[in-house]
Amino acid sequence: MEKLPPFPKFFPTLPLTPRQMLKTTLIILAVLALLLVLAVFLLATYVLPYAILQPPRRTNTTTPADFGLPYEHFKFKVAEDLELDAFYVPATTVARANLIMLHGVGSCKEVYLGSVAELVKAGYNVLLWDQRAHGKSGGEYLTYGYHEKYDVSKAIDWLEARNPTLPTGIYGNSMGGAVAIQSMAGNPGLRFGLIESTFTDLPAVANAYGRRLSGLPLPHWLSDYVLYRAGRIADFEPFTVRPVEAARKVTQPIMHIHGDADANINVSHAHALFEAYASEDKTLYIVENGDHADLWEKGGDGYRDVWFGFLMRTDF
């Protein structure tokens with residue numbers, strides 16, 4: 001077999017001097033740094049904003065009928081091109097009040113049907129829906145209360161037209177709690193509120209989530225840039241989503257519940273919100289060892305008594 005000629009040498013094989021090695025290393029590091037900056041920029045500009053705006057849709061086929069309850073299932077129109085998938089479950093005894101129930105990010109209205117079954121027996125007419133960009137509702141993006149508070153306003157009008165002599169209250173969990181606080185601020189149409197496991201302001205909680213999920217000390221300027229991009233995409237002002245500021249206009253009776261082991265939203269948010277509420281009729285209940293989504297389990301009978309006890313009041 002004919003022997004092939006040696007592969008041509010395009011680069012010199014002479015050993016590099018220390019100065020040349022340092023220069024080469026610095027060039028490589030500079031290129032890698034530029035690539036890293038570019039990757040972070042692209043991720044923060046075109047990927048991460050959608051993680052904030054478009055959580056995975058969770059759907060559920062359970063209905064109030066599965067609990068033996070009469071109900072209405074309808075599309076609740078909140079804008080010219082936006083309808084929300086809603087249940088209205090009337091009280092099965094003499095009605096005492098209306099209650100709006102708002103779920104958190106990535107959840108759906110059906111998760112509350114077990115509680116609804118008890119509430120309607122206690123005289124509550126309950127209206128609940130899949131929030132924007134959730135479940136079976138329309139909407140491409142969620143905005144953490146910036147637009148959703150207007151959905152609540154329309155729901156109040158709907159309930160008052162249906163039951164004009166009854167007071168209307170609101171329950172909100174996590175993101176739903178943030179929407180509820182912003183909806184209650186200066187709004188006499190909501191007579192009371194039950195809030196759980198929510199945050200003080202969107203920039204703070206976005207940074208905390210980013211740190212927890214990435215395991216990195218995410219700088220605020222980077223999470224703020226991601227929020228800025230989310231605002232541009234979804235046409236809202238994310239830096240004005242501050243339930244802690246809205247709380248200063250909440251004068252209605254309010255019960256605030258939070259777990260002291262909440263890994264998603266630190267319990268310090270609950271203390272700050274409680275201090276901010278303008279209401280003279282406010283209560284803070286901390287569930288010992290309670291995380292973000294296990295308050296019913298960790299809180300036991302004490303939690304249940306507080307939750308239903310607040311809603312059983314007759315002075316709203």
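The values are calculated or read from the model by the stated rules, or taken from the named source; none is laboratory data. This structure is a prediction, so every number in the text was calculated from the model and none was measured. Quick reminder, even Gly has a Cβ in these numbers, built from the backbone with ideal geometry, and neighbours come from all protein chains shown.
Could you run through region 263-307 and say how many residues are part of a helix (DSSP H, G or I), hydroxyl-bearing (S, T, Y) and more than 18 Å from G104 (Cβ to Cβ)?
Count: 1.
Considering every residue within region 60-71, establish whether at least one is surrounded by fewer than 14 Cβ atoms within 10 Å (Cβ to Cβ), closer than 24 Å to D157 by Cβ and touching a helix residue (DSSP H, G or I) at 6+ places or on another chain (Cβ under 8 Å).
yes
Within the bounds of region 137-155, is there any residue that is out of contact with any Asp or Glu (no Cβ under 9 Å at 6 or more places or on another chain), surrounded by fewer than 20 Cβ atoms within 10 Å (Cβ to Cβ) and aromatic (F, W, Y)?
Yes, region 137-155 has at least one match.
Looking at region 124-181, which of the residues that are touching a Pro at 6+ places or on another chain (Cβ under 6 Å) and aliphatic (A, V, I, L, M) is nearest to L202 (Cα to Cα)?
Among those that are touching a Pro at 6+ places or on another chain (Cβ under 6 Å) and aliphatic (A, V, I, L, M), it is A178.
So which residues in region 86-112 are touching a Pro at 6+ places or on another chain (Cβ under 6 Å) and surrounded by fewer than 23 Cβ atoms within 10 Å (Cβ to Cβ)?
V105, G106
Restricting to region 237-261, what's the tally of residues that are outside any helix (DSSP H, G or I) and under 19 Å from Y171 (Cα atoms)?
Counting residues in region 237-261 that are outside any helix (DSSP H, G or I) and under 19 Å from Y171 (Cα atoms) gives 12.
So E288 ticks every box in (1) of a type in the set (D, E, K, R); (2) buried (at least 18 other Cβ atoms within 10 Å of the Cβ); (3) assigned by TED's automatic domain parsing to the domain that holds G177 but one. Which box is left unticked?
Against the list (1) of a type in the set (D, E, K, R); (2) buried (at least 18 other Cβ atoms within 10 Å of the Cβ); (3) assigned by TED's automatic domain parsing to the domain that holds G177, E288 comes up short only on (2).
Report the residue count in region 79-92 for those that are part of a strand (DSSP E or B) and modelled with pLDDT under 95.
Total satisfying the criteria: 1.
Would you pick out the residues in region 265-291 that are touching an Asp or Glu at 6+ places or on another chain (Cβ under 8 Å), touching a residue at least 24 places away in the same chain (Cβ under 8 Å) and at negative phi?
Correct list: A276, I286, V287, E288, G290, D291.
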